[in-house]
Structure formats: structure tokens, C-alpha cells
Amino acid sequence: MRIYKDHLILSGSKIKQALLQFNELSQDAILFVVDNKDKLIGALTDGDVRRGLLKGFTIECNVDEIIQDNPRYIVKGENNLKKVIEYREGDFRIVPVVDENRKVVNVINFRKIRSYLPIDAVIMAGGRGQRLQPLTDTVPKPLLKVGDKPIMEHNLDRLALFGIDDFWVSVKYLGEQIEQHFGKGENKNVKIEYVWENEPLGTIGAVSQIKNFEHDYILVTNSDLLTNIDYEQFFLEFIRQDADLAVLTIPYQVNIPYAVLETNKGEVKSFKEKPTYTYYSNGGIYLIKKKMLNFIPKETFFNATDLMEELISKNLKVISFPFSGYWLDVGKHEDFEKAHIDIHNIKF
């Protein structure tokens with residue numbers, strides 16, 4: 001995978017050096033000119049070089065003489081999704097991401113990702129995976145392979161596909177193997193940090209240990225899910241409803257093969273012939289405003305459902321995001337076998 005610094009060129013470099021980098025970048029040929037602290041100065045395309053040469057510049061001239069000095073960019077940590085969509089739909093394929101000091105910290109490529117969501121992702125990967133024994137006796141459940149890669153890697157890659165590049169992984173059982181497999185995320189052009197649970201802390205308790213989130217919105221997901229959810233649509237609905245917490249929900253239909261009577265004190269008021277009822281189950285993926293995490297107690301076993309109940313009790317807004325795409329909780333042997341079959345047919 002190409003790292004974002006391949007798109008950077010130092011101010012004062014010769015046009016010849018830019019041409020060499022363009023050759024390596026191929027169809028992604030755009031460079032961002034930075035100073036020695038990676039502060040963004042301008043942008044440079046092969047078209048800029050051609051126009052410069054036609055004006056009499058040579059390949060020994062400095063790139064600064066022919067750059068675009070007002071490039072488009074995204075500011076990390078801000079809710080820039082409207083601008084992201086505008087750039088994407090305007091066919092601006094490659095855009096730098098800068099911090100508050102205009103230092104380039106990433107470069108997004110819409111040929112390779114679908115969005116750039118202002119979200120930190122927490123992947124809960126500390127469980128024992130008892131229902132999948134003996135497979136999990138020596139390998140943690142998140143590293144069990146489905147197709148050509150571990151379950152958790154499918155999750156992380158899906159999140160990264162929507163531009164999420166700040167990850168936290170909660171680990172406990174055989175966590176060293178998970179840390180060794182993913183490292184710090186350099187190979188995937190993301191940042192991964194690890195949160196170790198000394199004692200089991202439930203499905204969200206470990207999040208209370210994280211103090212330095214990059215964004216105001218946090219996504220928490222189980223590590224053993226296989227899904228093709230569109231995280232951009234999830235986030236847009238969360239913002240549209242100004243929710244404090246959103247939970248992915250999976251619809252389940254129950255078909256009753258008989259007429260169902262509606263009664264009052266034994267008196268039949270009406271009936272429905274063979275009705276179908278739809279119920280919504282917790283899908284194990286949550287979007288949360290960062291300030292809501294203050295309701296998670298420190299060093300205490302605490303589930304995501306406990307947080308939902310706490311927020312509801314305080315009249316804060318908890319919403320359901322019904323999802324009808326592919327979703328599978330790989331918790332049992334039959335689920336694991338199903339995942340091996342489904343992985344070849346899921347439209348990601």
C-alpha cells in the first residue's frame with residue numbers, strides 16, 4: 001500500500017525530482033509541496049509541469065515557481081464530511097489532510113477509499129471466544145481467518161475504506177498476537193493504539209481508558225462481525241438526527257402461521273390473519289458523541305447496553321439505525337462455517 005508521504009515533495013526541490021515522483025505515482029500523479037516541517041505550501045500536477053516548461057522553465061528550476069499555491073485540503077478533527085462529499089463528487093481524487101497548523105498528516109485518495117469520516121474507531125477484541133473452542137485455544141478469535149484474512153482485519157479494512165484512520169483496539173486474551181499482527185497500522189496507512197484490559201470490562205468499559213481521541217465522534221464495534229455496512233450513511237443519519245448515540249440494528253421478522261386475536265378482558269376486539277412482526281436486534285456497532293463517554297465508569301465492567309440505558313434514563317437521544325445489508329456475528333462454529341461460505345459472495 002502506498003503511504004501518504006509518497007505524495008509530498010519538499011519546497012525547493014527541482015522539477016526533475018517531481019517528474020521522478022510522478023513516474024512512481026502513475027495515475028495518482030499529484031504532489032503536495034511542503035516545508036521541512038511538512039506544512040502545506042502548494043500542489044503540483046503533471047499539467048502544472050507541462051505549462052511551466054512551455055513558459056520556459058526547465059527541469060532544473062524549483063517546483064515552487066510553478067505550483068498551485070491555494071490547494072484544496074481537509075482539516076483533521078473537524079466535521080468535514082460535506083466538503084469531503086463535495087470534493088469526491090467534483091472528481092477531486094486526491095486531497096491532503098492537514099492539522100490545525102496546516103501540517104500534512106495524511107493524503108486521501110478517492111480511488112481507494114469511499115469517504116473520510118471524522119471518527120475514531122474502537123475495536124473490542126479482548127474476548128476469550130469460548131464458543132469457538134478449540135479454535136481459540138491458541139489463536140484469539142479476532143485472528144481466526146475468514147477467507148484470506150482474519151475476521152478483525154475485514155472489520156478494520158471496512159472502516160479504513162471509509163477514511164477512518166485513527167484506531168484503538170481493546171485487547172486482553174492473547175492480545176500480544178493481535179498487536180503483533182496489526183502493529184501500529186503503518187502497513188494500512190492508519191494509526192493503531194492498544195488498550196489492555198487487566199480485568200474483563202464488558203463490551204464498552206475499556207473505552208473509558210482512552211483519553212486522547214482525535215475526533216468528537218467515536219465508533220465502537222465488536223471485532224467478530226462480518227458486514228458490508230455503509231459507514232458514511234450511518235454517520236450521516238447520526239448527524240441528521242443529532243443523536244447522542246446510534247446503534248446498528250438488525251431486523252428480524254417473525255411469521256405467525258395463525259390468526260392473532262387482539263382482546264380486552266377476554267373480549268375479542270379484532271384479529272390479524274397470519275401476521276408478520278418485525279423486531280430489531282442490537283448489531284454491535286455504535287456511533288457516540290465523545291462527551292457521552294463520560295457516562296462510562298472507570299475500571300468497571302460495563303456493556304454498551306448499560307451506556308444506552310444510562311443515556312435513555314437521562315433523556316438523551318439514542319437512535320436505531322436499521323440495517324438490511326449483510327451482517328453476521330461470528331460467535332459460534334456454525335457462524336464461522338457460514339462466514340467461510342459467505343465471504344466469496346458478499347458485495348463489499
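So, for the stretch 190-251, what is the accessible surface per residue at a probe of 1.4 Å, expressed in square angstrom? Numbers along the way, then the final one.
Details: 2160 Å² over 62 residues.
Heavy-atom accessible area per residue stands at 35 Å².
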Worksheet item: What does the accessible area per residue of the stretch 11-103 come to in Å², with a 1.4 Å probe and no ligands, DNA or RNA counted?
Response: 57
Response to the item:
Residue-ordered couplings for the stretch 70-84, obtained by feeding phi - 60° into the Karplus form 6.51 cos²θ - 1.76 cosθ + 1.60 and rounding to whole Hz (Gly and Pro as x), are 9, x, 6, 7, 10, 9, 5, x, 8, 7, 9, 4, 4, 5, 4
Practice prompt. Amide H neighbours of Glu193 under 5 Å, at least 5 residues apart or on other chains, H built in the peptide plane: list them.
Written response: Phe167, Trp168, Val169
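Using Cα-Cα distances under 8 Å and only pairs 6 or more residues apart, what relative contact order does the stretch 106-218 have, in percent?
Details: 162 pairs, mean separation 37.7, N = 113.
Relative contact order of the stretch 106-218: 33 percent.
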Worksheet item: HN-Hα J couplings of the stretch 188-196 from phi, Karplus 6.51/-1.76/1.60, θ = phi - 60°, integer Hz, Gly and Pro as x?
Response: 10, 6, 10, 10, 10, 10, 10, 10, 8
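If you roll a 1.4 Å probe over the stretch 120-343 with all protein chains in place, what percent of the accessible area is carbon or sulfur? Write down the numbers at each step before the final one.
Values: 5390 of 10900 Å².
Carbon and sulfur: 50 percent of the exposed surface of the stretch 120-343.
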Discussion item. Tell me the net charge near Leu201. Cut-off is 13 Å between Cβ atoms, Leu201 excluded, with +1 for each Lys or Arg and -1 for each Asp or Glu.
Written reply: -2
Item to complete: Under a 10 Å cutoff between Cα atoms, tell me which one of Tyr173, Tyr280, Tyr73 has the largest fluctuation in the Gaussian network model of the chain.
Response: Tyr280
Worksheet item: Quick one: Cα centre-to-centre distance for the stretch 237-298 and the stretch 74-129, in angstrom?
Response: 32
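Counting only other residues whose beta carbon sits under 15 Å from that of Lys338, what net charge do I get with K and R as +1, D and E as -1?
Details: positive: Arg131, Lys145, Lys332; negative: Asp224, Asp329, Glu334, Asp335, Glu337, Asp342.
Taking every Cβ under 15 Å from that of Lys338, the sum is -3.
For the chain, what relative contact order do you get, as a whole percent, if you take Cα pairs closer than 8 Å and at least 6 residues apart? Please report the intermediate quantities before stating the final value.
Values: 651 pairs, mean separation 50.7, N = 348.
About 15 percent, as a whole number.
What is the Å³ per residue value for the convex hull set by the Cα atoms of the stretch 222-264? Intermediate values should be presented prior to the final figure.
Details: hull volume 8.3 nm³, N = 43.
Expressed per residue, the convex hull around the Cα atoms of the stretch 222-264 is 193 Å³.
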Item to complete: Calculate how steeply helix 333-342 sits against the longest principal axis of the alpha-carbon atoms of the chain, using the helix alpha-carbon long axis, and give the answer as 0 to 90 degrees to the nearest 10.
Response: 50
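Hey, what did the stretch 1-96 get for relative contact order, percent, Cα under 8 Å, at least 6 apart? Please list the in-between numbers first.
Details: 120 pairs, mean separation 25.1, N = 96.
It comes to 26 percent, rounded to a whole number.
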Worksheet item: What's the Kirkwood radius of the chain in Å, using all Cα pairs?
Response: 22.9
Response to the item:
Karplus-derived 3J(HN,Hα) from phi for the stretch 17-29 (6.51 cos²θ - 1.76 cosθ + 1.60, θ = phi - 60°), whole Hz, x at Gly and Pro, runs 5, 4, 4, 5, 5, 4, 4, 6, 6, 6, 6, 9, 6
Worksheet item: Cα-Cα pairs above 22 Å in the stretch 4-109: how many percent?
Response: 28
Item to complete: Mind listing the long-range amide H neighbours of His215? Cut-off is under 5 Å, sequence gap 5 or more, other chains count too, H placed in the peptide plane at 1.01 Å from N.
Response: Asp120
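The values are calculated or read from the model by the stated rules, or taken from the named source; none is laboratory data. Keep in mind it's a predicted model, so treat the numbers as computed, not measured. Positions of Cβ are generated from backbone atoms using ideal geometry, with glycine treated the same way; all protein chains shown enter the neighbour counts. Areas reflect the complete protein model, heavy atoms only, side chains present, ligands, DNA and RNA absent. Shrake-Rupley method; radii C 1.70, N 1.55, O 1.52, S 1.80 Å.
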